[in-house]
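The values are calculated or read from the model by the stated rules, or taken from the named source; none is laboratory data. On a predicted model such as this, the values are computed, not experimentally measured, just so you know. Cβ sites come from the backbone with ideal geometry, for glycine too, and all protein chains shown count toward neighbours.
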Amino acid sequence: MARIDLSRLAHSYVPQPKAKSDYALKEFDLTWDDGGAYALLGPSGCGKTTLLNIISGLLAPSHGRILFDGEDVTMLPPEARNIAQVFQFPVVYDSMTVRDNLAFPLRNRGVPADEIDRRVKEIAEMLEMTPVLSRKASNLTADAKQKISLGRGLVRADVNAILFDEPLTVIDPHLKWLLRSQLKHLHRRFAHTMIYVTHDQTEALTFADKVVVMYDGEVVQVGTPHELFQRPAHTFVGYFIGSPGMNVLPCRVDGALATVGSHQVPLRGGYRALPQGAKTEIGVRPEFVRLSRTDGLPVQVERVDDVGRFRVVKARLDGLAVNALLPEDAEVPADGVRVHFDPQATNLYVDDHLWLTEGEA
Amino acid sequence: MTLELHNVSKVVDRETHIRDVSLRLERGSLNVLLGPTLSGKTSLMRLMAGLDEPTAGRIVMNGRDVTGLPVRKRSVAMVYQQFINYPTLSVWENIASPLKVAGRPRDEIDRKVAEAARLLRIDRMLDRTPLELSGGQQQRTALARALVKGAELVLLDEPLANLDYKLREELREELPRIFAASGAILVYATTEPAEALLLGGHTATLHEGAVTQFGPTLEVYRRPHDRRTAQVFSDPPMNFLDIEVRGGMAWIGEAVVPATGSLRGLADGDYTIGFRPNHLALAAGRPDAIALSAVVAVTEITGSESFVHMDYAGCRWVALAHGVHEPAIDTEVRVWLDPHRFFVFGRDGRLVAAPATAAAAAA
């Protein structure tokens, strides 16, 4: 296990990068703690695969350094970094049995036979593959093959880190639940440093202790799932995490009061000295929007989607979209609907970045 | 137009892929095929399209038997999970191809391609080739091609599965609207219950090649006819427990309580209760909620909600609770079951009682 430091790391696929837009990865520092479970989350094209390839050694960064436990590995090839990787599609030897597939990474490194037996047994037990250990991998379903891939990634005790690149894409929803909880269990048990790349917010949030959110080549927030939900550091985080994402409304701010159109919205604290000419917006998640007939800002309800355990109310406030989430049994008033934003959960964004109140700053 | 399947089965190498399916799909309707991988969604779509011929049963379009009729003689368009486009042709040529094959006049092709590209928001990409597009734009190109065809039957086989989460959210909202305007019968296959609920329309749940239920989507969700359907239409998975009812009392795990909620009035006997993860509470609720002790297996936190996986009497359950809850693994946790939220199944798996709110909604 190792702590991984990325120091002033940046990457451009262009030979002589000049503009910021030439960088697939814009300069940043980041530390991955030893034994942490991390998710790397972002839309396709945000740079997460580039970053993963730099950590694994498949790609040398154009700028900056990578340190494993303080040792510079920037120029080391993948095989010298002692990292295990699990990919989107199963990587298994069809002609081998499940047991031999799982044992392969250990045999390759000359691990003693009795230890191989012990580890393979343990991993197979965890992945509920004990009954099929003697079967040829070729006869198994895609799901089972991907479980072998996961097992091969997890079988070595001595790796610096385990990298997962969208490992559950090909897996059925029901099995996803099971595999995710097993992965989490394995993490608790062996405390590997794990980095899990995905564009799926549910996977990222449920797997990780800390989520690294990337957008357009930048790390826009590193936080616990709760922090990403409660205080998105960037409007993109608010939009990308949550379904539907955070409501973002342009506003003017005066002390502890925001003005949206001609309506006033109380904030959780006062703001002072906002930069001149900057774009100011409030962000409030649909979970914190309450509907009322007496209290709040008047809206037109456009539609109500009943999705079983809750209802999504899509409304317009002076033409701006506002979504609200209601519990499954809640009534939606037929007319004269107003929306009320919970001030504690209403955030202020200045040029897309979270701005703290006077008390918080 | 209507599409009817009468007792359709498909057997390949003595293996049954589709088992005695009967369905009637109406003009302009949206129909979701919901089921896990290998439950028969793609096989059923291929039979509907005429790409495969059924082993038994009949397929009737607009009252005409088309059972043996090949796909090219039918009015069908299909879009797959993998983006399929002609890599060397431009986006414009990709979308135009079915119209060119049909020998339509140039001005009609121009008009239809422009309109489809506008609806799918790729009108600025028309000169590019598919490989110069993002995954979402490539799939929009395939969808636009299906749209210009003006087919009476449009089959979408997990069309958004390979796209980013947020893109999926957007397209999922647009797609039914775009195709509804064409009056086609839209059939949409997915493995995800949440996607079925967001799409609405009608849903057919599939299990091992058989349709277990077909009806308005919310009705199937709220009143699954049997345990299989409830299982297929629940993510996270529904929680189950075998119980006993005798003389107005219910034996639920370690608890013996008066039979209230969905259990009220049940004949003496053995049942299985099912309850959704959001109805397995980590805090006491109604006075007649049933308290049990389970052992925590793992917890997952999404930020706004927590999933607590637990073991109870040999069953794996999951609770979905608001806020952050992180009970320690392998410790006992107190949970509350609300009998008003129970689905009750007979030991044969048939639904005996459903939550009262659901019954009212279905009535």
(Q) Can you confirm whether B:G200 is within 16 Å of B:I84 (Cα to Cα), among the small types (G, A, S) and within 14 Å of chain A (Cβ to nearest Cβ)? (A) no
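Need a quick list: helices (runs of 4 or more DSSP H) entirely within region A:94-193 having at least 3 residues that are more than 25 Å from A:L40 (Cα to Cα) and charged (D, E, K, R). Outline the logic, then answer.
On the way: elements: A:98-107, A:113-126, A:142-154, A:173-190.
The qualifying helices (runs of 4 or more DSSP H) are A:98-107, A:113-126.
For B:L218, state whether it is assigned to a loop (DSSP other than H, G, I, E, B), over 19 Å from B:G40 (Cβ atoms) and of a type outside the set (G, A, S). Explain how you work it out, then say what you get.
Working: assigned to a loop (DSSP other than H, G, I, E, B): no; over 19 Å from B:G40 (Cβ atoms): yes; of a type outside the set (G, A, S): yes.
Taking the combined requirement at face value, the residue does not satisfy it.
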Q: Of the conditions (1) within 14 Å of chain B (Cβ to nearest Cβ); (2) of a type outside the set (S, T, Y); (3) in contact (Cβ under 8 Å) with a residue 12 or more places away in the chain, A:H174 clears all except one; give me its number.
A: (3)
Q. If only one of B:A210, B:A194, B:A181 is hydrophobic (A, V, I, L, M, F, W, C), surrounded by fewer than 20 Cβ atoms within 10 Å (Cβ to Cβ) and within 14 Å of chain A (Cβ to nearest Cβ), which one is it?
A. B:A194
Q: Answer with yes or no whether A:A161 is within 28 Å of B:E158 (Cβ to Cβ), small (G, A, S) and crowded, with 19+ Cβ neighbours inside 10 Å.
A: no
(Q) Please go through region B:98-126 and give me each residue that is surrounded by fewer than 14 Cβ atoms within 10 Å (Cβ to Cβ) and in a loop (DSSP other than H, G, I, E, B), ordered by number. (A) B:A102, B:G103, B:P105, B:R124
Q | Counted residues, region A:242-278 - those being surrounded by 12 or more Cβ atoms within 10 Å (Cβ to Cβ), within 33 Å of the chain's Cα centre (by Cα), more than 14 Å from chain B (Cβ to nearest Cβ) and assigned to a loop (DSSP other than H, G, I, E, B) | A | 3
Q) B:D270 passes all but one of (1) within 15 Å of B:L337 (Cα to Cα); (2) surrounded by fewer than 20 Cβ atoms within 10 Å (Cβ to Cβ); (3) not small (G, A, S); which number fails? A) (1)
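Take the residues in region B:64-87 that are within 16 Å of B:Q137 (Cα to Cα) and exposed (fewer than 15 other Cβ atoms within 10 Å of the Cβ); name whichever of them is modelled with the lowest pLDDT.
The initial filter retains those residues of region B:64-87 that are within 16 Å of B:Q137 (Cα to Cα), namely B:79-87.
Retained after the next criterion (residues that are exposed (fewer than 15 other Cβ atoms within 10 Å of the Cβ)): B:82, B:86-87.
Values: B:Q82: 83, B:Y86: 92, B:P87: 91.
Among those residues, the one meeting the criterion is B:Q82.
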Q) In region A:219-241, which residues are facing another protein chain (nearest Cβ under 10 Å) and of a type in the set (S, T, N, Q)? A) A:T224, A:Q230
Q) When you go through A:F190, A:F207 one by one, which is the residue that is over 10 Å from the mean Cα position of the chain (by Cα) and at pLDDT below 90? A) A:F190
Q) Can you tell me which residues in region A:287-320 are under 27 Å from A:L354 (Cα atoms), surrounded by 14 or more Cβ atoms within 10 Å (Cβ to Cβ) and more than 10 Å from every other protein chain (Cβ to nearest Cβ)? A) A:V289, A:R290, A:L291, A:G296, A:L297, A:V299, A:V313, A:A315, A:L317, A:D318, A:L320
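Show me the strands (runs of 3 or more DSSP E) entirely contained within region B:269-327 in which 1 or more residues are at pLDDT below 90. Before the answer, list the steps.
Working: elements: B:269-275, B:290-301, B:305-312, B:315-322.
Once the strands (runs of 3 or more DSSP E) in region B:269-327 are filtered for at least 1 residues that are at pLDDT below 90, what remains is B:290-301, B:305-312, B:315-322.
So which of A:Q88, A:Q16 ends up being farther than 30 Å from A:R189 by Cα and polar (S, T, N, Q)?
Working: A:Q88 fails: farther than 30 Å from A:R189 by Cα.
Step by step, each of A:Q88, A:Q16 is checked, and only A:Q16 is farther than 30 Å from A:R189 by Cα and polar (S, T, N, Q).
Suppose we keep only residues that are surrounded by fewer than 22 Cβ atoms within 10 Å (Cβ to Cβ) and in contact with a helix residue (DSSP H, G or I) (Cβ under 8 Å, 6 or more places away or on another chain) within region A:222-241. Which one would you say is farthest from B:Y165 (Cα to Cα)?
Taking region A:222-241 first, the residues surrounded by fewer than 22 Cβ atoms within 10 Å (Cβ to Cβ) are A:222-224, A:226-227, A:230-231, A:233-234, A:239.
Filter once more, so that each one left must be in contact with a helix residue (DSSP H, G or I) (Cβ under 8 Å, 6 or more places away or on another chain): A:230, A:239.
Details: A:Q230: 20, A:Y239: 11 Å.
Checked region A:222-241; the qualifying residue farthest from B:Y165 (Cα to Cα) is A:Q230.
Looking at B:L160, B:L147, B:L133 in this structure, which one is over 25 Å from B:R341 (Cβ atoms), within 13 Å of chain A (Cβ to nearest Cβ) and in contact with a helix residue (DSSP H, G or I) (Cβ under 6 Å, 6 or more places away or on another chain)?
Values: B:L147 fails: within 13 Å of chain A (Cβ to nearest Cβ); B:L133 fails: in contact with a helix residue (DSSP H, G or I) (Cβ under 6 Å, 6 or more places away or on another chain).
Answer to the selection: B:L160.
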